[in-house]
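Everything on this sheet refers to the single structure shown next.
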Amino acid sequence: MALLQEAPPRWFRELASAAAADGRLVKTSRNQLGFLRGWVADRRPDLIKSGEGGSNQVLVRSPWSIDEDRHLTLASIPERRRMIWLRLRHPSGASLCVANLHATAHAPERAAREVERAARVAREWSEDCPLILGGDFNVRPAVEPWIFQRLEEDGFSGPTGPKLIDHVLARGPSVVEGPHQLPAERRDVPAPGAERVRLSDHAPVAAAFEVG
């Protein structure tokens with residue numbers, strides 16, 4: 001399963017196909033005049049940067065399948081911030097819920113409140129189902145420790161690191177491998193016309209959980 005934040009919506013089908021995955025997305029900000037933004041991005045990606053358009057995406061591989069999806073708007077200004085929530089099913093009968101969000105940037109207290117609301121709603125939607133909550137929280141535990149303390153009191157696992165803003169938390173699943181940043185070079189991929197292209201300004205975060 002992959003959780004992507006602020007990925008251009010037009011990448012979704014190709015990413016899912018390349019990953020041999022099914023998925024869902026919810027659009028966030030900077031999506032007006034999408035054709036024009038895409039045209040500029042194809043020619044001057046370093047100029048438009050995140051202005052290409054944003055969405056939060058979840059990709060899921062077989063044998064898991066998507067049973068239900070919901071969206072929650074966390075903020076409308078200065079940019080729209082939304083959470084996407086999915087309920088997944090396994091052929092064995094097991095179920096798992098996952099929520100992915102990107103909180104408001106450059107405002108840690110506000111972002112923490114958005115994360116708090118997202119966690120509460122995702123928990124309510126999930127009911128008794130195991131839940132994974134992840135994304136770009138835009139909150140560092142060293143700056144706003146109260147939100148992570150509150151989440152841990154509510155049964156969520158711990159954050160990725162005290163100075164990091166990207167986190168993957170679990171409520172219910174057993175933690176096999178705690179969330180950790182992958183090496184920065186894992187963001188770099190070969191591309192036509194360039195030796196390497198960096199896909200993100202954030203290092204990927206990986207974690208492993210056991211459901212059952």
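The values are calculated or read from the model by the stated rules, or taken from the named source; none is laboratory data. Computed from a prediction, not measured in an experiment: that's the story for all the values here. Note that each Cβ is placed from the backbone with ideal geometry, even for glycine, and that neighbours are counted across all protein chains shown. For the accessible areas, the whole protein counts, side chains as well, though only heavy atoms, and no ligand, DNA or RNA atoms are used. Shrake-Rupley method; radii C 1.70, N 1.55, O 1.52, S 1.80 Å.
Placing +1 on each Lys and Arg Cβ and -1 on each Asp and Glu Cβ, with no other charges, gives the chain a dipole about its Cα centre of roughly 660 debye. Compute the angle between helix 34-43 and the longest alpha-carbon principal axis of the chain, please, reported from 0 to 90 degrees and rounded to the nearest 10. With rounding to tens, the tilt is 70 degrees.
Label positions at ALA105 and ARG196, each projected 7 Å from the Cα along the C-beta direction, are separated by 2.3 nm. Applying both filters, DSSP loop and at most 11 other Cβ atoms within 10 Å, to the GluC sites (Glu not before Pro) of the range 80-154 gives GLU127.
Taken over the chain, the percentage of Cα pairs per 10 Å bin, counting from 0 up to the bin with the maximum distance, is 8, 34, 38, 17, 3, 0. Each Lys or Arg adds one and each Asp or Glu subtracts one; over the other residues with Cβ under 12 Å from the Cβ of ASP136, this totals -2.
For TRP85, TRP146, the ranking by accessible surface with the largest value first comes to TRP146, TRP85, using a 1.4 Å probe. Applying the Karplus relation 6.51 cos²θ - 1.76 cosθ + 1.60 with θ = phi - 60° to the range 65-80 yields 3J(HN,Hα) values of 10, 8, 9, 7, 9, 9, 10, 9, 7, 9, 7, 10, 10, x, 9, 6 Hz, where x marks Gly and Pro.
Shown for the chain: the carbon plus sulfur share of the solvent-accessible area, taken with all protein chains present and a 1.4 angstrom probe, equals 50%. Annotation for the range 95-164: trypsin sites (Lys or Arg not before Pro) lying in DSSP loop with at most 16 further Cβ atoms inside 10 Å of their Cβ are LYS163. Once every Cα of the range 97-212 carries one equal point scatterer and solvent is ignored, give the base-10 log of I(q)/I(0) from the Debye formula at q = 0.22 Å⁻¹, two decimals. So the normalised log intensities work out to -1.22.
Between the range 1-22 and the range 141-212, what is the C-alpha centre distance in whole Å? The two parts, judged by their Cα centres, are 18 Å apart. Taking the Cα centre of the range 164-212 as origin and assigning +1 to Lys and Arg Cβ atoms and -1 to Asp and Glu Cβ atoms, the resulting dipole is close to 80 debye.
Just going by the charge dipole of the range 150-212, with Lys and Arg at +1 and Asp and Glu at -1 on Cβ, which of VAL189, LEU164, VAL176 is farthest out on the positive end? The one lying farthest along the dipole's positive direction is VAL189.
Find out how many positive minus negative residues lie around ALA206, taking Lys and Arg as positive, Asp and Glu as negative, among other residues whose Cβ is under 13 Å from that of ALA206.
Charge balance near ALA206 sits at 0.
Measuring with a 1.4 Å probe in the full set of protein chains, what accessible area per residue, in whole Å², belongs to the chain? Here the per-residue accessible area is 54 Å². Between 0 and 90 degrees, the angle of helix 108-126 with respect to the longest Cα principal axis of the chain falls at about 60 degrees. Label separation (GLU153 vs ALA18): 4.3 nm, computed from points 7 Å beyond Cα along the C-beta direction.
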